[in-house]
Each structure stands twice: as C-alpha cells, then as structure tokens.
Amino acid sequence: MMISFEIKKQVVLIYLWLWWNTTANICVEATSDSLKPGDKLNYKSKLCSKQGKFCLQFGNNSNSDFQCLFISVNADYGKVVWVYDINHSIDFNTSVLSLDYSGVLKIESQNRKPIIIYSSPQPTNNTVATMLDAGNFVLQQFLPNGSMSVLWQSFDYPSDVLIPMMKLGVNRKTGHNWSLVSDKFNLEWEPKQGELNIKKSGKVYWKSGKLKSNGLFENIPANVQSRYQYIIVSNKDEDSFTFEVKDGKFAQWELSSKGKLVGDDGYIANADMCYGYNSDGGCQKWEDIPTCREPGEMFQKKAGRPSIDNSTT
C-alpha cells in the first residue's frame with residue numbers, strides 16, 4: 001500500500017511539473033504586439049509594438065539589480081523606460097505574464113503567489129493588452145458600441161523615466177497622481193504654481209520656475225529644453241504636464257537616485273546641489289536648515305587620510 005501511494009505521489013508531481021513547463025512556454029510570438037485572453041508571455045519572449053519602437057519583456061535591466069518586467073526602447077537602442085513596481089522581485093526563469101478570460105492581468109511564478117497587475121471587481125470580458133508605439137502598455141476592453149475603454153496602462157505608473165506623452169500631475173476623476181520616483185526623490189507637477197518640483201522625502205529641493213512666453217522654464221538651461229514642446233492641461237478631468245519632441249525623435253528624462261534630472265542633451269536639474277540655503281539654478285531655501293551652517297557653506301567631496309600624531313597618544 002505504501003509503495004502504491006509513493007508511486008501515485010511521484011506521478012502527480014511529474015504531471016504538475018509537465019503542466020507548468022507546458023503552460024509556461026505557451027506564449028505569444030515575439031512579432032505580436034498584444035496579449036489576448038489565454039495568452040502568456042515568458043522570459044523567452046518579447047511583446048513589441050507594431051513598429052518595433054518599444055518592447056515589453058522580463059529580464060535584469062540596467063536600472064535595477066533584480067529580475068523584473070520592464071519596457072525598453074527597441075533592441076538596437078535598449079534604454080529602459082518603465083519598470084513594473086520595483087518592490088516586486090520575480091523569479092525570472094518561471095515568471096509568466098498572462099491575461100485570463102476574466103480580464104485579470106497578472107505575473108505568475110512557479111513557487112510564488114501571483115502578482116496582480118489589474119483585476120476588476122467584476123469579471124471583464126473582451127479585453128486585450130497591447131504594447132503601443134508610444135511606449136505605453138495598455139489593457140483595454142472592447143465595448144458593445146465598437147469603442148475601447150482603458151482599464152489599466154503603464155503610463156499611469158511611471159518609474160524613474162519620463163518619455164513623450166507620459167504625464168506628471170493628477171487625474172481629477174480618480175485622484176491618481178503621476179510622478180517619477182527614484183529612491184527618496186520624486187519629480188512632480190505643481191499645477192497651482194505651474195512648476196516642476198523635485199522633492200526628497202516630501203521636502204522641495206528644486207523648482208523649474210514658471211513657463212515663460214518663449215516656451216521655456218526659468219530654471220532649466222535653454223539649450224537643454226529647446227527641442228521640447230511642453231503640453232500643460234488644466235481642467236475638471238486633470239492637471240498635467242508632458243512634453244513632445246519637436247523633431248519627432250525619441251527623448252527621455254531620467255531622475256537619478258541622487259536627485260539629478262537628466263535629459264538626452266544634458267542636465268535639466270541638479271537637486272543634489274541644493275542644500276537648503278542656496279537658490280541658484282532653481283534650488284529652494286528651507287526655513288529649518290541646521291543652525292550650525294552659515295550662509296554660503298556647502299558640502300564638498302574630498303578624499304584623504306587622517307594624520308596621526310603619535311606624540312599625543
């Protein structure tokens with residue numbers, strides 16, 4: 001009886017192993033731009049936009065130290081522009097992105113709980129998840145009148161990179177905020193003042209200044225922003241900021257963990273050089289700077305070794 005039980009147990013384990021490996025390898029072809037209900041995407045495949053401008057895939061990208069789901073510019077260019085929730089590390093070899101028949105978009109792994117990217121309170125039929133040429137990964141539902149409704153999109157959850165038509169600000173319908181996040185620093189749009197802010201742990205370190213009549217922000221070098229066309233929206237639905245590139249080429253703004261905001265043509269902001277008492281380049285003065293500091297003092301990075309006087313020991 002015990003031998004029979006052990007044999008049955010082994011058969012069940014083998015069956016489960018074969019089932020997982022079979023389903024994990026059922027995935028859309030790399031040439032496809034969409035996941036339909038029942039499709040799966042694993043670490044061997046990429047989901048690329050129609051013109052091949054952007055690809056969604058699993059891997060270890062240059063912006064993080066662990067395996068994740070990310071969007072990059074096409075394989076020839078390779079810059080990572082979006083990472084799904086950096087707090088969720090995944091098991092690279094067994095991770096599968098799937099869209100089920102109830103409209104649930106999730107990441108499944110062999111020995112971990114599923115990571116739910118989107119799930120509606122009620123089952124949602126007629127859905128499709130598409131990688132667009134704008135760099136946005138969008139889950140949509142086909143409606144009876146022939147139109148499509150956006151259920152979830154990667155542009156609503158930026159990581160540390162802003163690309164054309166990705167927004168900063170707030171969705172007034174849902175209350176959802178759009179901002180870049182890099183370690184303790186955030187890049188936000190302040191609609192009341194009409195300025196970009198870089199904050200660290202909630203404290204404003206840098207401001208862009210207002211947009212002047214020439215279409216440039218006061219505190220951003222003119223040569224860095226001359227190629228951009230800014231789009232600012234303020235209505236009952238949203239308060240937002242985004243940009244387009246005048247020559248139509250790809251561009252990105254990246255917020256570093258040190259507080260630097262870097263564009264393709266140079267530094268947009270250097271919040272790492274803002275100490276609370278200087279106001280150059282958009283830096284903001286604080287009212288609660290340490291009393292031990294004097295006006296004009298700043299930190300300087302130096303290297304050396306201590307001098308030890310043996311006569312005093």
*Please specify each residue of region 112-125 satisfying the condition of being modelled with pLDDT of 90 or more and either in a strand (DSSP E or B) or under 26 Å from L162 (Cβ atoms) (or both).*
P114, I115, I116, I117, Y118
*Go through region 230-264 and give me each residue that's over 18 Å from M166 (Cβ atoms) and among the acidic types (D, E).*
D247
*Scanning for something among the acidic types (D, E) and in contact with a strand residue (DSSP E or B) (Cβ under 6 Å, 6 or more places away or on another chain), does region 143-161 turn up at least one residue?*
yes
*asked:* Testing G215 on (1) under 30 Å from K173 (Cβ atoms); (2) part of a strand (DSSP E or B), one condition comes back false. Which one is that?
replied: (2)
*asked:* When you scan region 228-240, do you find a residue that is in contact with an Asp or Glu (Cβ under 8 Å, 6 or more places away or on another chain) and assigned to a loop (DSSP other than H, G, I, E, B), even just one?
replied: no
*Quick one: in region 207-235, of everything that is of a type in the set (V, I, T) and surrounded by fewer than 17 Cβ atoms within 10 Å (Cβ to Cβ), which residue is nearest to G263 (Cα to Cα)?*
I231
*Go through region 245-295 and give me each residue that's of a type in the set (F, W, Y) and at pLDDT below 90.*
Y277, W286
*Tell me which residues, restricted to region 131-144, are in a strand (DSSP E or B) and without any contact (Cβ under 8 Å) to a residue 40 or more places away in the chain.*
V138, Q140, Q141, F142
_From V204, V170, V128, V150, residue being open to solvent by 50 Å² or more (accessible area, probe 1.4 Å), out of contact with any helix residue (DSSP H, G or I) (no Cβ under 6 Å at 6 or more places or on another chain) and either part of a strand (DSSP E or B) or of a type in the set (F, W, Y) (or both)_ = V150
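The values are calculated or read from the model by the stated rules, or taken from the named source; none is laboratory data. Since the structure is predicted, the reported quantities are computational estimates derived from the model, not experimental observations. Because the Cβ atoms are built from the backbone with ideal geometry, glycine has one as well, and the counts that use them run over all protein chains shown. We work out accessible area using only protein heavy atoms, side chains counted, and drop any ligands, DNA or RNA first. Shrake-Rupley method; radii C 1.70, N 1.55, O 1.52, S 1.80 Å.
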